[in-house]
Amino acid sequence: MITYIIYTCVCIFFIILKTAVLTNFTVFGNFYDILLPVVLYLGLFRPVTEGLPLVLFCGFCMDSLTGGPFGIYISMYFWLFIAAKGLIQFFHAQSILIKPFIVFIGVIVENLMFLTLLTIFDGGNVLPESFVQSAISQSVWAAITGPFFFLLFDYFHTKFGNWFDEWTFQRKENG
């Protein structure tokens, strides 16, 4: 139960960071979806029973805050979570081949999903130049910051996991 609370707080923190803080700095104007590393981390390192409800919660929050058709982020996060779960069937989650590139690949896949939806809803009109520039900028940001997010998540998960294990052990010992 405590894991859900911690990850829910992390998700809410990143939603606030993305919508209220990063949008005020021009250097972060084309920053990628900051919840994407959380979704991918949950897909790679957490069980489905723990990760899926959090992924759906994050998608619901993002759908509620954006002006797009409802369900886009829920669907996108769900499929990225499933893809990450599928990826660990072929690679070890801690693999040097996955960690540095997973956020970069996730950003590309997310932009391809947005492009598909844009094409469907816009009637197949010409691809906007701003979309291409935004996708390239987001990919560069993901390549630079993605591995750091995963190191940060690993550190905090280990730190809170050890703290929670000690707290549970002491509680059983005293109780």
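All of the numbers you see were taken from the coordinates with simple rules; none came from a lab. Given the structure is predicted, the values throughout are model-derived calculations rather than measurements. All Cβ positions, glycine included, derive from the backbone under ideal geometry; neighbour counts span all protein chains shown.
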Where is the GNM fluctuation largest for the chain (alpha-carbon springs, 10 angstrom cutoff): Y77, Y155, Y32? Y155
Hydrophobic long helices for the chain, i.e. whole DSSP H runs reaching 20 angstrom or more by Cα along the axis with Kyte-Doolittle mean at least -1.0, come out as 2-16, 48-65, 72-87, 102-122, 129-174
Of M76, M62, M113, which is the most mobile in a GNM of the chain whose springs link Cα atoms less than 10 angstrom apart? M113
Multiply the residue separation of L65 and T23 by 0.36 nm, subtract the distance between their alpha-carbon atoms, and state the gained length in nm to one decimal. 13.8 nm
How would D33, D122 line up from fewest to most surrounding beta-carbon atoms within 10 angstrom? D122, D33
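For the chain, count the residues as N, evaluate 2.2 N^0.38 Å, and divide the Cα radius of gyration by that value, please. Kindly include the intermediate steps, with their values, before the conclusion.
Working: Rg = 17.4 Å, N = 175, 2.2 N^0.38 = 15.7 Å.
In units of the globular-protein estimate, the chain measures up at 1.11.
By how many nm would the segment from I16 to L115 lengthen if fully extended, with 0.36 nm per residue of separation less the alpha-carbon distance?
Working: separation 99, 0.36 × 99 = 35.64 nm, distance 2.52 nm.
Full extension of this stretch gives 33.1 nm more.
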In debye, nearest 20: dipole of region 2-174 around its Cα centre with unit charges on the Cβ of K, R (+) and D, E (-)? 280 debye
Once the other residues with Cβ under 13 Å from the Cβ of F78 are scored (Lys, Arg +1; Asp, Glu -1), what is the net sum? -1
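Given a Förster distance of 35 Å, report the FRET efficiency between A143 and S75 from their Cβ-Cβ distance, rounded to the nearest 0.05. All intermediate terms of the calculation are to be shown ahead of the outcome.
On the way: r = 25 Å, r/R0 = 0.72.
Efficiency, from the Cβ-Cβ distance: 0.90.
Per the helix-only calculation at 222 nm, which mean residue ellipticity applies to the chain, given -39500 (n - 2.57) for every DSSP H run of n ≥ 4 and division by its residues, nearest 500 deg cm²/dmol? Please report the intermediate quantities before stating the final value.
Details: 6 runs with 126 residues, N = 175.
Helices in the chain give a 222 nm mean residue ellipticity of -25000 deg cm²/dmol.
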Label-point separation, K159 to L56 (7 Å along Cα→Cβ), nm: 3.1 nm
